[in-house]
Structures are given as C-alpha cells and as structure tokens.
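Asks: I have a structure here, written as structure tokens, and I will follow up with some questions on it.
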Amino acid sequence: MRAARAALLLLALPLPLPLAGCQLAPVYSGGQAGPAQAMLGAIEVAPIADANGFLVRDRLIQRLQPGGAPRYRLDVVLDDRIIGFGVRGDNSIIRERRTLRARYRLVELATGEVKLDTTASADAGIDVVSSEYAVVAAEATAVERLAAELAEQIVARLALLARAPVPRTLP
C-alpha cells in the first residue's frame with residue numbers, strides 16, 4: 001500500500017511543471033496599485049437611461065470605485081425584455097423570462113479612441129402568480145439582481161483589458 005502511494009506521488013510530482021510556463025497571473029495583482037485597479041478607478045460612468053439604467057450605473061460605480069481625474073468614459077446602452085412562456089388552460093402566462101442586455105463602450109477621453117466595444121447580458125426567470133403585487137415585486141427583485149450581475153460582468157471584462165497582454169502561444 002505504501003509503495004503504491006509512493007509510486008503515485010512520484011508520477012504526480014512532475015505534472016505541475018508544464019503549468020509553470022503558461023504565464024497565468026491574477027487579474028487584480030498589485031492590489032490598489034495594480035494595473036487593473038488603476039484603470040478601473042480612472043473610469044467615469046456616463047448616465048444610463050431609465051430606472052434600470054440607474055440601477056446598473058449605481059452598481060458599476062460601486063464596483064469601479066472611481067477617484068481622481070477620469071481617463072476613460074464608460075457608455076452603456078441597455079435593452080430590457082420580458083418574454084412570457086408557459087401557458088395555463090385560460091391562456092394566461094405561467095412564467096416570464098427577463099433579459100437585461102448591455103452594450104458598452106470604453107472610450108479614452110484624451111483621444112476619443114474606443115478601447116472596448118462589446119456586450120454583456122443576464123437573465124432571470126419569474127413565476128407569474130395570481131397576485132399582481134407579487135409579480136411586480138418579483139420583477140423588481142429580478143432587475144436588481146440582473147443589474148448587479150451585469151456590473152460584475154462589465155467590471156471583470158474591463159479588468160482583463162487593463163491587464164498586460166499575455167502571449168497566446170504556450171511554450
């Protein structure tokens with residue numbers, strides 16, 4: 001039994017060596033002084049239309065923690081859709097799917113150059129019950145969760161952009 005464990009250990013020991021050359025690095029390395037946090041703190045978030053836009057913008061500002069003079073502007077346009085599916089015998093909807101999609105652009109203020117132009121999306125399912133109040137409350141809660149999820153996706157993508165480029169070829 002001990003010999004089998006020792007043999008297994010000797011076989012498994014060289015496995016991590018190829019990973020040493022893959023140049024993986026934490027996105028937020030360096031903490032507050034790191035490149036990701038420095039870039040995120042230099043982004044101002046432009047106003048976003050509608051109540052859902054207010055929620056998304058608020059979550060973005062919380063995550064980015066902007067400070068000092070901005071070097072970039074984040075422009076976000078939202079698309080909010082609710083689709084009903086599942087039908088009862090009386091042709092009323094049983095469930096809804098709410099999708100919140102954001103198209104966002106990161107613009108360098110000094111040059112006007114677009115550094116990033118992409119999308120993020122999140123969706124949630126909502127049960128439609130007999131109480132209209134419960135459905136409205138569920139939709140509002142879903143929008144709050146979707147706004148937080150979109151902000152997380154956007155900030156994660158921006159942090160990746162700030163990180164130094166990693167070579168695409170493995171050694």
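Asks: Among 126, 136, 155, whose Cα sits farthest toward the positive end of the charge dipole of region 25-162 (+1 at Cβ of Lys/Arg, -1 at Cβ of Asp/Glu, about the Cα centre)?
Replies: Farthest towards the positive end: 155.
Asks: Over what distance in Å are the Cα centres of region 44-66 and region 124-151 separated?
Replies: Region 44-66 and region 124-151 have Cα centres spaced 19 Å from each other.
Asks: Then there's this: Determine the percent antiparallel among the DSSP beta bridges restricted to region 25-162, to the nearest 5.
Replies: Taking every DSSP beta bridge within region 25-162, about 90 percent pair in antiparallel fashion.
Asks: Here's something else I'd like to know. Taking neighbour Cβ counts within 10 Å as the exposure measure, how do 107, 136, 76 sort from fewest upward?
Replies: 136, 107, 76
Asks: Spelling out what I want: for every residue of region 128-138, take phi, set θ = phi - 60°, compute 6.51 cos²θ - 1.76 cosθ + 1.60 (Karplus), and round to whole Hz; glycine and proline get x.
Replies: 9, 10, 6, 7, 5, 4, 5, 5, 4, 5, 5
Asks: If the only charges are +1 at each Lys and Arg Cβ and -1 at each Asp and Glu Cβ, what is the size of the charge dipole of region 25-162 around the Cα centre, to the nearest 20 debye?
Replies: Roughly 340 debye for region 25-162.
Bear in mind these aren't lab numbers, they're just calculated from the coordinates by the rules spelled out. Given the structure is predicted, the values throughout are model-derived calculations rather than measurements. In this analysis, Cβ positions are derived from the backbone assuming ideal geometry, glycine residues included, and neighbour counts consider all displayed protein chains.
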